[in-house]
1. Based on what the data block shows, is THR76 over 18 Å from TRP136 (Cα atoms), over 19 Å from the mean Cα position of the chain (by Cα), surrounded by 15 or more Cβ atoms within 10 Å (Cβ to Cβ) and among the polar types (S, T, N, Q)?
2. Return the pairs, sorted by first residue and then second, in which the second residue is hydroxyl-bearing (Ser, Thr, Tyr), the first residue lies in region 193-214 and is closer than 20 Å to PHE175 by Cα, the beta carbons are less than 6 Å apart, and the residues are 6+ apart or on different chains.
3. Regarding region 13-26, can at least one residue be identified that is modelled with pLDDT under 95 and in contact with a Ser or Thr (Cβ under 7 Å, 6 or more places away or on another chain)?
4. Is there a residue being over 15 Å from PHE199 (Cβ atoms) and out of contact with any helix residue (DSSP H, G or I) (no Cβ under 6 Å at 6 or more places or on another chain) anywhere in region 13-28?
5. Here are some residues: GLU57, GLU28. Which one is in a loop (DSSP other than H, G, I, E, B) and out of contact with any Cys (no Cβ under 9 Å at 6 or more places or on another chain)?
6. Is at least one residue of region 211-221 touching a helix residue (DSSP H, G or I) at 6+ places or on another chain (Cβ under 9 Å), of a type in the set (Gly, Ala, Ser) and under 17 Å from ILE116 (Cβ atoms)?
7. Would you check if MET92 is among the hydrophobic types (A, V, I, L, M, F, W, C) and exposed (fewer than 15 other Cβ atoms within 10 Å of the Cβ)?
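The values are calculated or read from the model by the stated rules, or taken from the named source; none is laboratory data. These numbers come from a predicted model, not from an experiment. Virtual Cβ from ideal backbone geometry, glycine too; neighbours counted across all protein chains shown.
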Amino acid sequence: MEYKISENVEDLLVASQMYQFLSTCLLEPNKETIDLFNNKEYMEEVKSCLDHHGSGELSETFSKLQEGLKNADVETLMQGYRATFGGATVAMDCPPYEMYYSGSQIWQQTQDLADISGTYKAYGIEIEKNSTTSRWDHVAVELEFLHFLTYKLAYAIENGSKEEQESCLSAKKKFLHAHIGRWIKAFSVSVIKKTPEDFYRQAATLASTFVHLEMIKLSVDAEEIDEYMGNEPDYLQRLEGKSAMACDSCMDEEKYD
């Protein structure tokens, strides 16, 4: 299928940087994260990207996010991150993983995970096993992938590679439609309700607003989940022996239409 390329390189580079910034905000924080947020030149660059985008809502949220960073250190952000998303175990009222927001049927979850991992691998991307964010469906990983695709699209346009342009644009639109565009709103609502740190409240709001503006720009519709209902993924229930369908005999009797 041929896609019309209507974006210019500058707009794409701005969007790419915004995706990367949002990914950094929603990763588990460390010293490097704080150093980046305290880098005045870097934060001014992010602000200029938002100004270029022309959305007053984005700029206002970013200003509130910066307020939330005042006097913040690694320990403060780490405590806020774990209080919001969980530490050794996932916070069931505010998980940062797509599979918790998708359909409860194991076949759907398996299909979604396979689709995500297959998309990443098609572009040569692997998740580091020792990474603190080692799941394909983590919100920060999905945002980082959109940073990669958007930058790659800008590069393809700059170098006149039409086939690469169509490939990147197609993948970006499909990923917004089938994955992060479906659950980013519900994720944001959960964070706003749960987090004790205003920084994460503003970061989640900024991420949801930006992704939706991108979807509008690209004419992408998604079957959105408005609010997370607190359902544990069925495949996790099976692994832990909690599911009513966890035993082999029960699983043999499952019917899928």
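1. Details: over 18 Å from TRP136 (Cα atoms): yes; over 19 Å from the mean Cα position of the chain (by Cα): yes; surrounded by 15 or more Cβ atoms within 10 Å (Cβ to Cβ): yes; among the polar types (S, T, N, Q): yes.
In short, yes.
2. ALA204/SER188; THR205/THR61; THR205/SER188; LEU206/THR61; SER208/SER188
3. Checking region 13-26: not a single residue is modelled with pLDDT under 95 and in contact with a Ser or Thr (Cβ under 7 Å, 6 or more places away or on another chain).
4. No - not one qualifying residue is present in region 13-28.
5. GLU28
6. No.
7. Yes; evaluated as a whole, the condition is true for this residue.
So that you can scan it fast, the table gives a plain yes or no per residue for (1) within 20 Å of the chain's Cα centre (by Cα); (2) modelled with pLDDT under 95:
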| position | (1), (2) |
| --- | --- |
| PHE37 | yes, no |
| GLU41 | no, no |
| ASP51 | no, yes |
| GLY54 | no, yes |
| SER63 | no, no |
| GLY68 | no, yes |
